[in-house]
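Visitor: Quick one: the structure is below, questions incoming.
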Amino acid sequence: MGHEWLRGRRIVVGVTGGIAAYKVCELVSTLTRLGATVRVVMTENARRFVGELTFATLSGTPVAHEMWAPRDEIVHTSLADFAEAVIVAPATANIIGKLAHGIADDLLSTTLLAFDCPIVMAPAMNTRMLCNAAVAANIETLRQRGVRILEPEEGRLACGDEGAGRLPATEAMLDALAEALGVADAPLAGMRVLVTAGPTREAIDPVRFISNPSSGRMGYELAGEAARRGASVTLVSGPVSLDPPAGVHVVNVESAGQMHQAVEAHRGELDVFIGAAAVADWRPAESHDQKIKKGDRDELELRLVRTPDIIASVAQWDPRPVLVGFAAETTDLLENAERKLREKGLDMIVANDVCRSDIGFGSDANEVTLIRASGNRTPLPRASKSEIARSILDEVQDLLGSRTD
Ligand code: C5P
């Protein structure tokens with residue numbers, strides 16, 4: 001599978017003292033190239049094999065190796081706070097033994113005890129060491145505690161012996177990280193998904209605009225969940241105060257016009273389009289370059305013109321992605337939503353009653369009805385926006401499936 005899921009992921013790579021350390025340069029370089037933020041921790045013995053400058057250059061960040069460096073931060077806990085996953089490669093018999101027995105006598109072993117994120121280890125050593133009863137027992141102990149231990153590959157070893165003990169290929173290490181981060185079972189792998197989210201701002205002058213109270217949360221949840229399911233996700237976002245979801249490519253825009261342009265840049269490239277943005281329907285016909293002075297005016301007339309209907313224009317694309325829209329309504333929810341579904345040419349619409357203050361705009365929870373073009377209606381009970389996002393994507397997967405059948 002592709003590795004789009006790595007974008008924005010925070011990975012710690014622990015390098016210990018084995019000859020295979022040189023192969024981990026490729027792992028760090030690949031992780032960085034694919035958009036992950038990587039911090040490398042080296043043991044003293046690892047630094048005998050590869051210079052720390054190599055890893056610092058490949059990861060774009062200084063290598064951590066000392067416990068007691070005079071710094072503002074406490075290195076081992078700040079690394080533990082940073083990491084979403086850690087991979088130790090190559091993992092020597094020494095580090096495996098230390099982690100199995102809770103020994104913390106250098107930065108890497110100490111940090112490993114502080115992590116509460118998934119740990120992957122890629123052992124590489126001489127076959128006889130690998131088969132040693134103590135090493136085998138330590139590996140088994142760690143496996144039982146949930147550490148993912150890769151099977152070393154068989155072949156010619158650096159010492160000249162033949163057998164199991166070689167560091168697995170970079171691709172196998174990436175797959176293990178995907179599994180550790182829960183993206184290995186990726187029903188949307190290979191799918192290109194674009195989500196619009198948040199409000200738009202339509203400028204009146206440089207300091208005033210027309211907008212709405214959309215928080216963007218629903219769209220951000222959808223984008224994050226699609227990425228977790230393995231899709232390659234672009235999130236075109238109006239101005240919001242949310243952190244970008246992991247594994248998602250974010251394009252920030254302000255106005256409906258800019259959002260339209262950002263979406264058009266993906267014409268012909270999408271499998272799924274989800275319009276969760278609360279796009280302004282009108283914009284001022286003219287936007288003033290300078291701030292409009294109050295002067296002694298009592299009134300200001302604004303002439304508004306329609307903005308492009310982004311989702312309706314995507315419905316005209318050929319080939320056309322699976323299209324999911326939202327209907328934020330205050331009256332006759334289902335009827336209005338169904339009419340919108342037909343008029344805009346969507347495959348599914350998420351009908352959302354925005355009259356209620358306990359759901360919808362700005363709230364953590366939502367209660368919606370999913371309406372398919374077939375007329376099928378699925379009411380979802382009140383739930384968090386992340387749960388609603390999962391239900392919507394389950395339906396999207398179903399729609400994608402029925403397309404290819
Ligand atoms: O017509 P209305 O704004 O109610 O439609 C809502 C749906 O259409 C949402 O999915 C929204 O993201 C999308 N939309 C759009 N471009 C607009 C207006 C709405 O993509 N200009």
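The values are calculated or read from the model by the stated rules, or taken from the named source; none is laboratory data. Quick caveat, the model's predicted, so the values are computed rather than measured. Glycine also receives a Cβ, built like all others from the backbone with ideal geometry; neighbour counts cover every protein chain displayed. To get the accessible areas, we keep the full protein, side chains included, count just its heavy atoms, and leave off ligands, DNA and RNA. Shrake-Rupley method; radii C 1.70, N 1.55, O 1.52, S 1.80 Å.
Visitor: Checking Leu174 against (1) of a type outside the set (Asp, Glu); (2) within 26 Å of Arg267 (Cα to Cα); (3) open to solvent by less than 10 Å² (accessible area, probe 1.4 Å): exactly one of these is not met. Which one?
Guide: (2)
Visitor: What's the number of the only condition in (1) outside any loop (DSSP other than H, G, I, E, B); (2) under 32 Å from the mean Cα position of the chain (by Cα) that Ala136 fails to meet?
Guide: (2) is the only condition that Ala136 fails.
Visitor: Moving on. Considering region 214-236 alone, what residues qualify as being touching a helix residue (DSSP H, G or I) at 6+ places or on another chain (Cβ under 7 Å) and under 14 Å from Thr196 (Cβ atoms)?
Guide: Arg217, Met218, Glu221, Leu222, Ala226, Val233, Leu235, Val236, listed by residue number.
Visitor: Here's another thing I want to ask about it. Kindly indicate which of Thr111, Thr43, Thr37 is without any contact (Cβ under 8 Å) to a residue 60 or more places away in the chain and of a type in the set (Val, Ile, Thr).
Guide: Answer to the selection: Thr37.
Visitor: When you scan region 24-71 for helices (runs of 4 or more DSSP H) that lie fully inside it, which ones turn up with 3 or more residues that are surrounded by 13 or more Cβ atoms within 10 Å (Cβ to Cβ) and within 29 Å of the chain's Cα centre (by Cα)?
Guide: Fully inside region 24-71 and qualifying: 24-33, 52-59.
Visitor: Another question, then. Given the criteria within 15 Å of Met218 (Cα to Cα), surrounded by 15 or more Cβ atoms within 10 Å (Cβ to Cβ) and not hydrophobic (A, V, I, L, M, F, W, C), does Asn336 qualify?
Guide: Answer is no for this residue.
Visitor: Pick from region 72-83 the residues that are in a loop (DSSP other than H, G, I, E, B) and open to solvent by 30 Å² or more (accessible area, probe 1.4 Å): which of them is modelled with the highest pLDDT?
Guide: The residue in question is Ile74.
Visitor: Within region 9-23, how many residues are surrounded by fewer than 19 Cβ atoms within 10 Å (Cβ to Cβ) and within 18 Å of Val183 (Cβ to Cβ)?
Guide: Counting residues in region 9-23 that are surrounded by fewer than 19 Cβ atoms within 10 Å (Cβ to Cβ) and within 18 Å of Val183 (Cβ to Cβ) gives 1.
Visitor: Taking the condition of being modelled with pLDDT under 95 and open to solvent by less than 20 Å² (accessible area, probe 1.4 Å), how many residues in region 234-256 meet it?
Guide: 2
Visitor: Of the residues Ala337, Ala256, only one is within 10 Å of the ligand (Cβ to nearest atom), under 19 Å from Ala389 (Cβ atoms) and without any contact (Cβ under 8 Å) to a residue 60 or more places away in the chain; which?
Guide: Ala337
Visitor: Given the conditions (1) aliphatic (A, V, I, L, M); (2) out of contact with any Pro (no Cβ under 9 Å at 6 or more places or on another chain); (3) under 26 Å from Glu395 (Cβ atoms); (4) assigned to a loop (DSSP other than H, G, I, E, B), which single one is not true for Leu270?
Guide: (2)
Visitor: Quickly run through region 84-109 and pick out the residues that are open to solvent by 10 Å² or more (accessible area, probe 1.4 Å) and closer than 24 Å to Leu6 by Cβ.
Guide: Across region 84-109, the qualifying residue is only Glu84.
Visitor: Okay, next question. Kindly check whether there is at least one residue in region 353-360 that is surrounded by 17 or more Cβ atoms within 10 Å (Cβ to Cβ), among the aliphatic types (A, V, I, L, M) and near the ligand (Cβ under 8 Å from one of its atoms).
Guide: No, region 353-360 contains no residue that is surrounded by 17 or more Cβ atoms within 10 Å (Cβ to Cβ), among the aliphatic types (A, V, I, L, M) and near the ligand (Cβ under 8 Å from one of its atoms).
Visitor: Being within 14 Å of the ligand (Cβ to nearest atom) and surrounded by fewer than 18 Cβ atoms within 10 Å (Cβ to Cβ) is the filter here; which residues of region 267-287 pass it?
Guide: Matches in region 267-287: Asp281, Trp282.
Visitor: Report, by residue number, each residue of region 312-330 that is open to solvent by 20 Å² or more (accessible area, probe 1.4 Å) and either among the aliphatic types (A, V, I, L, M) or more than 10 Å from the ligand (Cβ to nearest atom) (or both).
Guide: Listed by number, the residues that qualify are Ala312, Gln316, Asp318, Pro319, Arg320, Ala328, Thr330.
Visitor: From (1) within 13 Å of the ligand (Cβ to nearest atom); (2) open to solvent by less than 40 Å² (accessible area, probe 1.4 Å); (3) among the charged types (D, E, K, R), pick out the condition that doesn't hold for Asp309.
Guide: Unmet condition: (2).
Visitor: Which count do you get for residues in region 183-234 that are touching a Lys or Arg at 6+ places or on another chain (Cβ under 6 Å), assigned to a strand (DSSP E or B) and not charged (D, E, K, R)?
Guide: Number of matching residues: 2.
Visitor: Scan region 140-162 and report the pairs whose first residue is farther than 18 Å from Leu174 by Cα and open to solvent by less than 70 Å² (accessible area, probe 1.4 Å) and whose second residue is in a helix (DSSP H, G or I) and of a type outside the set (S, T, N, Q), with Cβ atoms within less than 6 Å and a gap of 6+ or a chain change.
Guide: Within 6 Å, the pairs are Thr141/Ala100; Leu142/Ala100.
Visitor: Just one of the numbered conditions (1) farther than 30 Å from Leu300 by Cα; (2) surrounded by fewer than 24 Cβ atoms within 10 Å (Cβ to Cβ); (3) assigned by TED's automatic domain parsing to the domain that holds Glu367 is not true of Gly219; which one?
Guide: It is condition (2) that Gly219 fails.
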